[in-house]
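The values are calculated or read from the model by the stated rules, or taken from the named source; none is laboratory data. All values reported here derive from a predicted model rather than from experimental measurement. Counting neighbours? That spans all protein chains shown, and the Cβs are built from the backbone with ideal geometry, glycine included.
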Amino acid sequence: MELSKNFIPNETEARWYEHWLEKGYFKSEPDEREAYSIVIPPPNVTGVLHMGHCLNNTIQDILIRRARMQGKNACWVPGTDHASIATEAKVVQMLRERGISKSSLSRDEFLSYAWEWKEKYGGIILQQLRKLGCSLDWDRTSFTMDPDYSASVIKVFTDLYSKGYIYRGKRMINWDVKAKTALSDEEVIYKDAQSKLYHVRYRIDRPDGPEEYITIATVRPETILGDSAICVNPADERYKHLQGQYAIVPLANRRIPIIADDYVAMDFGTGALKVTPAHDMNDYQLGEKYNLEVIDTMNDDGTMSEAAGMFIGIDRLEVRKLIVPELEKAGSLVKIEDYNNQVGYSERTDAMVEPRLSLQWWVSMKKISGPALDAVMQNDINFHPAKFKNLYRHWMENIKDWCISRQLWWGHRIPAYYAPDGSYAVAASKEEALAELQQTQPALTAEDLRQDEDCLDTWFSSWLWPFEVFKGMSAPGNAEVKYYYPTSTLVTAPEIIFFWVARMIMAGYEYMGEKPFSDVYFTGIVRDKQGRKMSKSLGNSPDLLGLIDKYGADAVRFGIMIASPAGNDILFDEASLEQGRNFNNKLWNALKLVKMWEGRQSGDAVADSNFAVNWFGNRLSQVRAEVNTLLEQFRLSEALKTLYSLIWDDFCSWYLEWIKPGFEQPINAAVYQQTLVYFEELTELLHPFMPFITEEIYHLLREHKDDLCVKQQKENSTSDQHVLDAGELLKQVISALRDARNKNQIKPKDSINLQIRTADTASYQPIEHILAKQVNAGSIQYTQNDTVPGSIVVAVEKDKFFIESEQQVDAEALKANLLKDLAYQEQFLVSVQKKLSNERFVQNAKPEIIALERKKEADAEARILTIRQSLENL
């Protein structure tokens with residue numbers, strides 16, 4: 001068949017993916033082989049593929065494809081997360097477009113619309129993963145609200161409640177006014193803000209004494225309407241005379257006490273703090289300590305409540321603007337200053353979060369976090385890179401209770417059932433709850449019970465993911481969970497190390513009695529070239545599917561991986577995808593060149609072929625071992641760079657040139673067949689990274705009954721360092737002699753005579769024929785002379801090469817070039833010697849670094865000597 005000019009990915013990718021699916025290569029069932037399992041971090045059902053998904057899933061696919069080619073029973077489980085907040089927002093938006101409000105629907109009616117939306121849009125992102133080449137076991141697709149999964153979530157809730165690990169309590173929480181739900185601390189994103197600091201004075205309530213005021217500073221003047229006290233430091237001399245007295249809240253005209261507590265910093269603001277227990281985390285703690293009144297001035301949508309007494313029904317951010325002129329009119333506003341602070345926003349809706357006192361359900365984390373901390377600190381679970389261990393340890397040692405209730409309808413409804421008197425029972429069903437409550441209230445009926453309206457935090461279901469996708473909770477001890485669990489590797493982003501990673505480890509030990517995975521690979525965040533996190537709002541997030549259509553999946557996978565060392569953020573540049581496309585075309589052109597020789601094979605031996613074949617075989621063995629080591633260490637980006645260099649430089653630029661037959665000359669058949677073997681082994685090594693082009697080339701090289709996708713990778717073998725050194729010497733000499741020919745304007749077609757002065761003639765004899773062909777030398781001789789009159793002198797390490805050409809050499813131009821080279825070498829030598837004369841450098845540098853600098857010094861001195869001799873020859 002005639003090969004296209006360049007590789008055309010769109011013609012091959014869908015064809016090969018369907019072929020792999022038809023063959024069932026991605027399917028896994030327990031057997032006698034070693035299991036290698038990965039569970040996908042379940043994307044939200046609202047999601048579409050973006051660059052973060054591209055990075056995360058490419059890494060997982062590399063690991064799973066490699067395991068499959070190592071003979072392991074590779075199982076990669078796909079699935080999606082129901083994503084309570086995000087999905088409910090999508091459904092509400094859909095209903096609004098249909099002219100329906102959520103408030104006009106019953107819970108069941110709303111949920112029927114939610115399931116309709118999920119069935120229509122919920123699987124889009126999984127379909128898109130196919131375009132990226134992800135080799136997932138699609139028959140195992142899970143959803144966090146599948147019936148068995150949902151039953152397990154409820155079972156965990158009731159179990160933790162019975163153990164006393166879950167409780168219901170009124171505490172300060174983060175409130176999302178847009179989604180109208182509680183958030184955990186980890187779901188709040190803090191952003192730098194340019195705010196205003198308002199200085200407001202409160203009149204001291206002293207009917208018979210002189211008029212006096214105390215001034216506070218606040219960035220949230222709208223909360224003044226909920227003030228319960230003013231607090232000062234007991235050691236603050238400015239306010240000692242006011243401790244125990246009362247002040248009047250501006251506008252609200254409410255009398256509040258002035259209390260003293262060490263919590264207040266004397267050097268911040270005015271040293272006097274307004275205390276609003278219902279709307280500030282720290283104020284709430286002060287309120288509990290001093291038994292202050294709690295005045296909730298805010299509705300769940302962020303508007304002011306009846307308790308505010310003013311601005312009722314108006315959003316609190318609008319009230320912030322309206323209250324300032326009112327304070328000014330009342331004579332209470334002292335001044336306004338610019339103020340830089342951090343403001344919390346909802347991770348899901350980007351609404352400004354409000355602290356709020358609320359009755360919620362909580363998990364007592366201290367009671368279940370111990371084994372999960374020990375597992376990581378004792379390296380039962382390994383983090384890659386290991387730097388994240390300290391972050392994990394700090395969070396786990398300072399862990400706070402987890403608010404798990406959400407004021408939403410889409411999700412797992414909390415299994416708590418309330419009697420009319422407010423008592424309740426936690427149970428898997430209404431019937432079980434009724435039976436429990438009837439022990440103290442025998443007259444109760446099922447109709448009397450009301451189930452809790454809230455649903456569970458989405459993360460409360462996804463922390464069961466590693467074992468429940470194998471039915472570990474719903475069918476305890478089944479063959480699959482025994483075989484695949486613990487899973488092998490988790491690939492995730494460090495920003496969910498607390499949301500998800502820590503909690504999965506806790507759940508694994510609590511319910512399976514062992515860790516959920518052995519290794520955690522943390523990816524970086526994909527940012528734009530300016531370092532900004534990609535987002536729809538910034539418009540800096542590229543269309544991933546469009547990029548795949550433009551460059552091909554392999555090029556996109558290459559582009560994201562070549563720039564992504566573990567744990568470090570990636571500055572995405574489309575140029576890396578172009579590099580991937582160029583790499584595809586380099587491979588394709590190498591294929592075309594090799595196929596061109598297919599009909600030109602001969603049994604005749606070609607003298608220079610044997611070394612080339614021997615050298616590349618050793619180089620391939622060397623790199624295979626390097627790549628396997630790098631992959632074992634989860635240094636995937638470095639492994640890809642190593643393969644890229646091997647293929648682009650060693651195979652395409654050197655090996656294929658060394659074995660290339662002369663014009664219309666045949667190629668040795670044994671050399672050709674070995675070249676096919678090498679090319680196939682290269683596709684084998686590269687396949688996990690770039691599956692489509694490698695499978696295509698593997699089958700185009702020659703007919704195969706097997707597929708690369710499941711071909712077992714060759715084992716590591718030893719390499720001969722002497723042969724590798726000879727190959728490196730050959731590359732250096734060819735490059736130096738070609739450079740000299742070019743500088744001296746000796747045309748490529750003009751033959752030269754070459755004399756070599758070396759103490760190690762044996763090193764050159766195996767490579768003579770290749771060297772002669774590559775530099776167009778009519779003859780190669782060895783000499784002990786320091787000079788050869790009329791020659792061009794080239795130095796490579798300790799050896800000298802004298803180029804004799806029949807072509808007339810421009811002596812003046814040659815002299816100018818030599819003088820320019822001499823100046824550069826002398827400057828380079830000074831820089832190296834300066835480094836070696838630095839005692840601090842010599843004492844602190846590794847021995848191999850010192851040795852490398854010494855070699856640079858010796859090489860530079862040898863080159864300088866050679867250039868000076870060349871100038872003398874002229």
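Determine if the range 364-377 includes at least one residue that is touching a residue at least 40 places away in the same chain (Cβ under 8 Å), farther than 24 Å from Ala83 by Cα, hydrophobic (A, V, I, L, M, F, W, C) and not in a helix (DSSP H, G or I). Scanning the range 364-377 turns up at least one residue that is touching a residue at least 40 places away in the same chain (Cβ under 8 Å), farther than 24 Å from Ala83 by Cα, hydrophobic (A, V, I, L, M, F, W, C) and not in a helix (DSSP H, G or I). Which residues, counting only those in the range 176-210, are assigned to a strand (DSSP E or B), surrounded by 20 or more Cβ atoms within 10 Å (Cβ to Cβ) and of a type in the set (A, V, I, L, M)? Within the range 176-210, Ala182, Leu183, Val200 meet the criteria.
Only one of the numbered conditions (1) charged (D, E, K, R); (2) in contact (Cβ under 8 Å) with a residue 40 or more places away in the chain; (3) at negative phi is not met by Lys180, and that is (3).
Yes/no per residue for (1) farther than 30 Å from Ser576 by Cα; (2) under 20 Å from the mean Cα position of the chain (by Cα); (3) basic (Lys, Arg):
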position	(1), (2), (3)
Leu464	yes, no, no
Phe499	yes, yes, no
Tyr511	yes, no, no
Glu514	yes, no, no
Val520	no, yes, no
Ser541	no, yes, no
Ala555	no, yes, no
Gly559	no, yes, no
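Report yes if some residue within the range 310-331 is of a type in the set (Val, Ile, Thr) and closer than 22 Å to Glu88 by Cα; otherwise report no. The answer is no, given that none of the residues of the range 310-331 is of a type in the set (Val, Ile, Thr) and closer than 22 Å to Glu88 by Cα.
Taking the range 702-712 as the range and being assigned to a loop (DSSP other than H, G, I, E, B) and either within 19 Å of Lys23 (Cα to Cα) or not assigned by TED's automatic domain parsing to the domain that holds Asn614 (or both) as the test, the residues that pass are Glu703, His704, Lys705, Asp706, Asp707, Lys711, Gln712. Report whether or not Ala446 is in contact with an Asp or Glu (Cβ under 8 Å, 6 or more places away or on another chain) and surrounded by 15 or more Cβ atoms within 10 Å (Cβ to Cβ). In short, no.
In the range 586-594 there is at least one residue that is within 25 Å of Val723 (Cα to Cα), surrounded by 18 or more Cβ atoms within 10 Å (Cβ to Cβ), at pLDDT 95 or above and of a type in the set (A, V, I, L, M, F, W, C). Of all the residues in the range 56-105, those that are touching a Lys or Arg at 6+ places or on another chain (Cβ under 6 Å), crowded, with 22+ Cβ neighbours inside 10 Å and in a helix (DSSP H, G or I) number 3.
For the list (1) modelled with pLDDT under 90; (2) within 30 Å of Glu11 (Cβ to Cβ); (3) not hydroxyl-bearing (Ser, Thr, Tyr), I need the number of the one condition that Lys529 fails. Single failed check for Lys529: (2).
Residues Tyr263, Tyr239, Tyr246: which one is in contact (Cβ under 8 Å) with a residue 40 or more places away in the chain, among the aromatic types (Phe, Trp, Tyr) and farther than 17 Å from Ala330 by Cα?
Testing whether each residue is in contact (Cβ under 8 Å) with a residue 40 or more places away in the chain, among the aromatic types (Phe, Trp, Tyr) and farther than 17 Å from Ala330 by Cα leaves just Tyr246.
Among the residues of the range 749-803 satisfying the criterion of being hydrophobic (A, V, I, L, M, F, W, C) and in a loop (DSSP other than H, G, I, E, B), which is modelled with the highest pLDDT? So the residue we want is Ala759. Just one of the listed residues (Tyr149, Tyr165) is at pLDDT 95 or above, more than 30 Å from His19 (Cα to Cα) and surrounded by fewer than 21 Cβ atoms within 10 Å (Cβ to Cβ), and it is Tyr165.
Mind checking which strands (runs of 3 or more DSSP E) fall wholly inside the range 222-272 and carry at least 1 residues that are in contact with a Cys (Cβ under 9 Å, 6 or more places away or on another chain), assigned by TED's automatic domain parsing to the domain that holds Val324 and within 18 Å of His199 (Cα to Cα)?
Of the strands (runs of 3 or more DSSP E) lying wholly inside the range 222-272, those with at least 1 residues that are in contact with a Cys (Cβ under 9 Å, 6 or more places away or on another chain), assigned by TED's automatic domain parsing to the domain that holds Val324 and within 18 Å of His199 (Cα to Cα) span 255-260.
No other residue among Phe460, Phe498, Phe467 is in a helix (DSSP H, G or I), modelled with pLDDT of 95 or more, within 20 Å of Ser84 (Cα to Cα) and not hydroxyl-bearing (Ser, Thr, Tyr) apart from Phe460. Taken over the range 501-516, the criterion of being farther than 20 Å from Trp395 by Cα and part of a loop (DSSP other than H, G, I, E, B) is satisfied by Met512, Gly513, Glu514.
Kindly check whether there is at least one residue in the range 382-405 that is surrounded by 14 or more Cβ atoms within 10 Å (Cβ to Cβ), farther than 30 Å from Asp139 by Cβ and without any contact (Cβ under 8 Å) to a residue 24 or more places away in the chain. Yes. Restricting the range 495-527 to residues that are within 19 Å of Asp159 (Cβ to Cβ) and aliphatic (A, V, I, L, M), the residue that is surrounded by the most Cβ atoms within 10 Å (Cβ to Cβ) is Ile505.
For the condition touching a helix residue (DSSP H, G or I) at 6+ places or on another chain (Cβ under 8 Å), within 27 Å of Leu620 (Cα to Cα), of a type outside the set (Lys, Arg) and not assigned by TED's automatic domain parsing to the domain that holds Trp654, Gly727 qualifies. In this structure, Trp20 qualifies as touching a Cys at 6+ places or on another chain (Cβ under 7 Å) and surrounded by fewer than 24 Cβ atoms within 10 Å (Cβ to Cβ). Restricted to the range 265-301, and to residues that are among the small types (Gly, Ala, Ser) and under 19 Å from Gly244 (Cα atoms), which residue is surrounded by the fewest Cβ atoms within 10 Å (Cβ to Cβ)? For the range 265-301, the residue satisfying everything is Ala265. Taking the numbered list (1) modelled with pLDDT of 90 or more; (2) on the phi > 0 side of the Ramachandran plot; (3) of a type in the set (Gly, Ala, Ser) in turn, Gly567 passes all entries but (1). Of everything in the range 305-325 that is of a type in the set (Gly, Ala, Ser) and assigned to a helix (DSSP H, G or I), the residue that is farthest from Leu197 (Cα to Cα) is Ala307. Candidates in the range 406-446 are the residues that are part of a loop (DSSP other than H, G, I, E, B) and aliphatic (A, V, I, L, M); of these, the one that is nearest to Lys90 (Cα to Cα) is Leu408. The residues in the range 834-856 that are assigned to a helix (DSSP H, G or I) and more than 42 Å from the chain's Cα centre (by Cα) can be counted, and the count is 0. Listed by position, the helices (runs of 4 or more DSSP H) enclosed by the range 591-694 that each have at least 2 residues that are without any contact (Cβ under 8 Å) to a residue 40 or more places away in the chain are 609-632, 636-645, 669-686.
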